[in-house]
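The values are calculated or read from the model by the stated rules, or taken from the named source; none is laboratory data. Note that the coordinates shown come from a computational prediction; the quantities given were computed from them, not determined experimentally. Every residue, glycine as well, gets a Cβ built from its backbone with ideal geometry; the counts of neighbours run over all protein chains shown. Each accessible area value is taken on the protein alone, full model and side chains, heavy atoms only, with ligands, DNA and RNA left out. Shrake-Rupley method; radii C 1.70, N 1.55, O 1.52, S 1.80 Å.
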Amino acid sequence: MSHDHDDRPQLTAAQAAAVLNPPAGRNGGDLVVETLQGLGATTVFGLPGQHALGMFDALRRSSLRYVGLRVENNAGFAADAYGRITGEVAPLLLSTGPGALTSLAALQEAAAASAPVLAISSQIPTAGLGGGRHGYLHELRDQQASVRDIVKSVHTVRSASQIPSAIAAAWESALTAPHGPVWVEIPQDVLLAETTLPVVSAMDATPRELYPRPELTIAAAHLLSNAERPVIIAGGGVVRSDASGKLRALAEKIDAPVVTTFGGKGAFPWEHPLSLRSWLEDRHTTDFLEDADVLLVVGSGLGELSSNYHTFRPRGRVIQIEADAGKLESNHPALGIHSDAREALADLLEAVERREDPAAAERVRTVLEKVRVRIEAQELTLEQQVLAAVREALPDAAPSFWDMTILAYWAWSAFDARRPNTMHSAQGAGGLGYGFPAAIGAAAADPTKPVLAVSGDGGAMYSIAELATARQYDLPLTWLIVDDGGYGILREYMTGAFGETTGTELARPDFVALAESFGVPAVRTTPGSLAADLSKALATPGPSVVVLPALLRMFEPTHL
């Protein structure tokens, strides 16, 4: 069997000499960072540990920028946000055992939100692998087993020459729709062993595009073209695939109202005549969606939060466009189209026939008015005032990251994100502590814009150590901490379910004094002065903290 060698790279004499005589003093860790550079990485997140020191020593010899956080879970949240904001792979360097395990909650959020995080973990020395219980520091019987249920793919390295291919395969997996976290692990001795392999050059790990099947596009276009009451639900897949322009064009071509999921915030203009906004936890919206004779769901699995806690029962035909094949028809029978949202919307836009429905905008106004009347009847003026102040202070292009806190729950439904890919929260996996470390990742991705993090006092305590990180790297981010003396949403849930609370009330520090002890300027504000104080903080270079003592309440649910 012969091979055609005409396409072999043609090296100059100097390049050939460099390949044949690589610099001395390199180890397996150098192969890791060289591969990341060859794939196009510029920034890595992480935390050093004994078994991972080969990687971290190699960083010193690379051009990669390292952003080190104080807790592995927070480093994972920072990488998650970097991946969401840039759409690029975010490398996360971890140590073994406790270091690896501490990152798992962040990787679960990355998986739920389809963020392309490349976790590269060290392992105990090769001699200890295989579950032999040798008693190595950080030893797990099967470290991969701990992550396999969370990440998209696991890639194992057992020799230096496997490093570039394993990382490239993981990189491609992370970026293949749907995006997601991936795992590579490399034993300590492989990272530390000297190597004479050539320096890794540029590598190609371009993911394959995920196109819709043409017969499904034709069927979906026929349903939409002939629908009487079509409605569109736009999820996070629209944002991730940069398809908001296609979404708007399609909605306008067929006069279809659009509601965005909490993960799809910003995918459709808030003030558009066809915009139902994001009031998914509202029975008026649920009723409207159930009344659609054709419902187009793009980039959403219609999970718990997107279906008003599974009370949504569509009566019409459902068309579901989803890059994650496992989510197709996972909750409702549908014409399932396995595709990237952008590609599917582009094909649908060409295939549908224009339909005009002058009454569509009026029906949208009617629903929004019913929602407004329902909320206003609950006398929640403080909550609406605080949310309006945040919106007033936050520049349109500035990204915001919201922890699991009452103000964030309000924001999911009631906050105008204004731009796609600017509002992010931990609503995928629902873990505490996301907001501030995620904002660190976003600020590292684009230090030209201010970044806002929003936490409650309970969630803030998960990531208070990262004030040191924000100060160390002088990142342009402002942390709004709403201090109500406990886990506010759990306080409401327990009071509603049991009439009293257990474990929700918290002693907490003086957040202003604590921030200042890190060298981070801080201010205590009031609902009335929040907009001004937040605007000033966001306009000031470097990190800052704004503390709002306030007891906020949630609007009444409609799914119970």
Unit charges on C-beta of K, R, D, E only; dipole of region 221-377, Debye: 260
Heavy-atom accessible area per residue - region 414-541, 1.4 Å, Å²: 40
Ranked packing of 462-474, 227-239, most packed first, by mean Cβ within 10 Å: 227-239, 462-474
Å² per residue, accessible surface of region 202-355 at 1.4 Å: 39
Listed residue (HIS272, ILE233, ALA243) projecting farthest to the positive dipole end of region 204-294, Cβ model: ALA243
By average C-beta atoms within 10 angstrom, highest first, the peptides 43-53, 209-219: 43-53, 209-219
Size of electric dipole in region 285-400: Cβ of Lys, Arg +1 and of Asp, Glu -1, about Cα centre, debye, nearest 20: 240
Carbon/sulfur fraction of accessible area - the chain, other protein chains in place, 1.4 Å, %: 52
Packing rank of 58-67, 130-139, where each peptide gets the mean count of other beta carbons within 10 Å, highest leading: 58-67, 130-139
Span per principal axis, largest first, for the Cα atoms of region 1-104 (Å): 50, 32, 30
Reach of LYS152 by Cα under 19 Å, taken over lysines that are not fewer than 8 positions away in the same chain: LYS327
D_trans [Stokes-Einstein, Kirkwood Rh over alpha-carbon pairs] for the chain, 25 °C, 0.890 mPa s, µm² s⁻¹: 98
Span from the region 456-505 Cα centroid across to the region 97-141 one, whole angstrom: 28
Theoretical ellipticity at 222 nm over the chain - DSSP helices of four or more residues, -39500 (n - 2.57) apiece, nearest 500: -11000 deg cm²/dmol
Mean accessible surface per residue for region 6-67, computed with a 1.4 Å probe while every protein chain stays in place, in Å²: 50
Difference of contour (0.36 nm per residue) and Cα-Cα distance, ALA325 to GLU350: 6.6 nm
Separation of alpha-carbon centers, region 364-415 and region 506-545, rounded to whole Å: 22
Semi-axis lengths, Å, region 229-311, gyration tensor of Cα atoms, sqrt of 5 times eigenvalues: 18, 15, 11
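Rounded to a whole number, what is D in µm²/s for region 121-215 from Stokes-Einstein with the Kirkwood radius over alpha-carbon pairs (10 °C, 1.306 mPa s)? Write out the running numbers ahead of the final one.
Details: Rh = 15.2 Å.
Reported coefficient: 105 µm²/s.
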Extension reserve of the GLU376-THR206 stretch, reckoned as 0.36 nm per residue once the Cα distance is removed: 56.2 nm
Exposure of ARG158 as accessible area (Å², to 10), given a probe of 1.4 Å and all protein chains: 90
Nonlocal amide H pairs with ILE337, under 5 Å, H built at 1.01 Å: GLN320, ILE321, GLU322
Nitroxide proxy distance, nm - points 7 Å out along Cα→Cβ at ASP149 and ALA397: 4.4
Charge dipole (debye, nearest 20) of region 459-517; +1 at Cβ of Lys and Arg, -1 at Cβ of Asp and Glu: 100
Region 418-560 - convex hull of alpha carbons, volume per residue in Å³: 136
Backbone HN-Hα couplings from phi across region 29-40 [Karplus 6.51/-1.76/1.60, Hz, Gly and Pro as x]: x, 5, 5, 5, 6, 5, 5, 4, 4, x, 8, x
Stokes-Einstein D in µm²/s, Kirkwood radius over Cα pairs - region 339-453 at 37 °C with 0.692 mPa s viscosity: 193
Projected label distance in nm at LEU137 and THR526, using a 7 Å step from Cα toward the beta-carbon: 5.4
Length released on extending from LEU506 to HIS310, taking residue separation times 0.36 nm less the Cα-Cα span: 67.3 nm
Whole-Hz couplings from phi, Karplus 6.51/-1.76/1.60, listed for region 115-128; x for Gly and Pro: 9, x, 9, 9, 7, 10, 10, 6, 9, 4, x, 3, 4, x
